[in-house]
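**Student:** Got a structure for you, questions after.
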Amino acid sequence: MLTLSLFWAWFSWNAYHPWKGKPEFMGIVSFIFGMLAGELGLHIIAINVLLTAGIVLFGELDGLADSLGLLIAMASWLSLGLFYFRARNNEAIMRAAVCEALETDDYPQTPDNLHYTPDSDRLLKPFAFRHPRVERLKDIPYCDVNGRKLHVDIYRRRDCPKNAPVLLQIHGGAWMQNLGSKEQQALPLMTQLAENGWICVAVQYRLSPAATFPDHIIDCKRALVWTKDHIADYGGDPDFIVATGGSAGGHLSSLLALSANAAEFQPGFEERDTQVQACIPFYGVYDFLNSKAQRHNEGLEQWLAERVIKKTRSEDGELWRSASPVSWIHEDAPPFLIIHGEADTLVPVKESRELYAELKASSKNPVAYAELPDAQHAFDLVISLRSQIVVNALCDYCHCLHQRYLAQAEKTTATLSDETSPA
């Protein structure tokens, strides 16, 4: 009992004190257990209580050491519970970020049905992503690369309205095979947006080690072009697309948004328009060159050089530069809302801070950043108190972006009508 309780005590301690030093592999360990504590804390407590109850019922609790272990276990339960509900503090941060992203002092008034209430029924089912009104159209081919078909999944309401706004979701997973897929990520966000009339397109792209950068971003741009060409067939508006993604997907979605129409990432379709209307990247790597010394983990650079880019910085510094979203920042960059967890032990928050600062200094469009206390990498993979708060705020943001787009389109149409009317 004492040994088990000491593990739970460390589990709780790690949530409050994420590992951000050496050795680097401890950052991965800290991420796994920290993410579980932050997003599935209530379920971890329940498992712990059941294990402890079993030990007591079977008479395995004996002596001073086990009694001490029981006290430690109870303290860890309390600590984990308090940590889980500290996620409520993220609501004020997200609301402030949405206001900054919309350049307004007051939080927008949006329809009540945009939000899902993070009540006990929802929080106790962290993997209940399906919604009866939302359908998923699986494995729709969007291109053929050397005989291999690549696919998208489409999430939409069964009675989807015409000209629905579109979310393009790019999954993460360290750019590598078996570490991420279009079926696994951003499901809380895509399901909620789809239920509220959006069409969400989850993209498959070639993965390393078989793929070598820039294969990844080329595929994402091909998926964007396919979406612009075909999403109207599924009820979507090809002229309003918001790109998003987490981790490697955060990198790729921001690179896609910032490098619009860049010929080097559009071989064979250089003339196609690859602009998007906004970007919402989560906890990505945005500067492969590490130009501001924002990263101190050598493992990431080695990973990129050996598995993703397959050249070192010294061998091809220009390729590393072109792979970095910060290198593509310009004054006409689309609106950005950047999200990162302060407790992230895989990708340091300074990556997002620097992207935000560079965009803020250069872009004439709105830029905002939400740094979430206690949030680990990949915090949004499951339904939790924190992820629900974030998704609710993003639904508000996306709704307002789309309403502004519609208002501007209506104004433009009216102006053109006036200009063509006979005097």
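**Student:** Mind checking which residues of the range 322-365 are touching a strand residue (DSSP E or B) at 6+ places or on another chain (Cβ under 6 Å) and part of a loop (DSSP other than H, G, I, E, B)?
**Tutor:** Within the range 322-365, PRO334, PRO335, GLU342, VAL349 qualify.
**Student:** Kindly provide the set of residues from the range 1-33 that are of a type in the set (A, V, I, L, M, F, W, C) and part of a loop (DSSP other than H, G, I, E, B), ordered by number.
**Tutor:** In the first step, residues of the range 1-33 are kept if they are of a type in the set (A, V, I, L, M, F, W, C); the result is 1-2, 4, 6-11, 13, 15, 19, 25-26, 28-29, 31-33.
MET1, TRP19 - these are the residues of the range 1-33 that are of a type in the set (A, V, I, L, M, F, W, C) and part of a loop (DSSP other than H, G, I, E, B).
**Student:** Can you go through GLY246, GLY235, GLY173 and tell me which one is surrounded by 22 or more Cβ atoms within 10 Å (Cβ to Cβ) and modelled with pLDDT of 95 or more?
**Tutor:** Every option except GLY246 fails the conditions.
**Student:** Inside the range 373-390, can you point out the residues that are touching a His at 6+ places or on another chain (Cβ under 9 Å) and hydrophobic (A, V, I, L, M, F, W, C)?
**Tutor:** The one that is touching a His at 6+ places or on another chain (Cβ under 9 Å) and hydrophobic (A, V, I, L, M, F, W, C): ALA375.
**Student:** Restricting the search to the range 288-308, which residues are charged (D, E, K, R), more than 22 Å from the chain's Cα centre (by Cα) and assigned to a helix (DSSP H, G or I)?
**Tutor:** GLU298, GLU306, ARG307
**Student:** Right, here's the next one. Out of the residues in the range 316-350 meeting the condition of being under 11 Å from VAL285 (Cβ atoms) and of a type in the set (Val, Ile, Thr), tell me which one is surrounded by the most Cβ atoms within 10 Å (Cβ to Cβ).
**Tutor:** The selected residue is VAL347.
**Student:** Please find, among PRO23, PRO18, the residue that is without any contact (Cβ under 8 Å) to a residue 12 or more places away in the chain and within 19 Å of ALA343 (Cβ to Cβ).
**Tutor:** Values: PRO18 fails: without any contact (Cβ under 8 Å) to a residue 12 or more places away in the chain.
Answer to the check: PRO23.
**Student:** Identify the residue in the range 261-283 that is touching a residue at least 40 places away in the same chain (Cβ under 8 Å) and among the hydrophobic types (A, V, I, L, M, F, W, C) and, among all such residues, is surrounded by the most Cβ atoms within 10 Å (Cβ to Cβ).
**Tutor:** The selected residue is PHE282.
Per-residue answers, yes or no, for (1) farther than 20 Å from LEU346 by Cα; (2) at pLDDT below 90:
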| site | (1), (2) |
| --- | --- |
| ASN14 | no, no |
| VAL56 | yes, yes |
| GLY59 | yes, yes |
| LEU78 | yes, no |
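**Student:** Could you tell me which of the residues ALA375, ALA393 is outside any helix (DSSP H, G or I) and surrounded by 22 or more Cβ atoms within 10 Å (Cβ to Cβ)?
**Tutor:** One residue alone meets the criteria, ALA375.
**Student:** Being touching a Cys at 6+ places or on another chain (Cβ under 6 Å) and part of a strand (DSSP E or B) is the filter here, so list the residues in the range 114-154 that pass it.
**Tutor:** Passing the criteria: only LEU150.
**Student:** Could you go through the range 231-241 and let me know if any residue there is in the same structural domain as VAL152 (by TED's automatic domain parsing), part of a loop (DSSP other than H, G, I, E, B), within 20 Å of the chain's Cα centre (by Cα) and closer than 25 Å to CYS395 by Cβ.
**Tutor:** no
**Student:** Next up: Can you name the residue in the range 218-241 that is in contact with a helix residue (DSSP H, G or I) (Cβ under 6 Å, 6 or more places away or on another chain) and in contact (Cβ under 8 Å) with a residue 60 or more places away in the chain and, of all such residues, is nearest to GLY268 (Cα to Cα)? Please lay out each step first, then the result.
**Tutor:** Step one: filter the range 218-241 for residues in contact with a helix residue (DSSP H, G or I) (Cβ under 6 Å, 6 or more places away or on another chain), giving 218, 220-221, 238, 240.
Narrowing further to those that are in contact (Cβ under 8 Å) with a residue 60 or more places away in the chain: 238, 240.
Numbers: PRO238: 21, PHE240: 24 Å.
Filtering the range 218-241 for residues that are in contact with a helix residue (DSSP H, G or I) (Cβ under 6 Å, 6 or more places away or on another chain) and in contact (Cβ under 8 Å) with a residue 60 or more places away in the chain, the one nearest to GLY268 (Cα to Cα) comes out as PRO238.
**Student:** Okay, next question. Farther than 23 Å from ALA128 by Cβ, aromatic (Phe, Trp, Tyr) and at pLDDT 95 or above: which single residue out of TYR107, TYR84 fits that description?
**Tutor:** Details: TYR84 fails: farther than 23 Å from ALA128 by Cβ.
The conditions single out TYR107.
**Student:** Oh, and also: Go over the candidates LEU78, LEU57 one by one and state the one that is more than 18 Å from LEU6 (Cβ to Cβ) and not assigned by TED's automatic domain parsing to the domain that holds LEU346.
**Tutor:** That would be LEU57, the only listed residue that is more than 18 Å from LEU6 (Cβ to Cβ) and not assigned by TED's automatic domain parsing to the domain that holds LEU346.
**Student:** Now for a different question. Against the definition (in contact (Cβ under 8 Å) with a residue 24 or more places away in the chain and crowded, with 18+ Cβ neighbours inside 10 Å), how does GLN294 come out, yes or no?
**Tutor:** yes
**Student:** Give just the number: which of (1) assigned to a helix (DSSP H, G or I); (2) in the same structural domain as ALA211 (by TED's automatic domain parsing) does ALA97 not satisfy?
**Tutor:** The number of the failed condition is (2).
The values are calculated or read from the model by the stated rules, or taken from the named source; none is laboratory data. Here the structure is a predicted model, which means the values were calculated and not measured. As a convention, Cβ positions derive from the backbone with ideal geometry for all residues, glycine included, and neighbour counts pool all protein chains shown.
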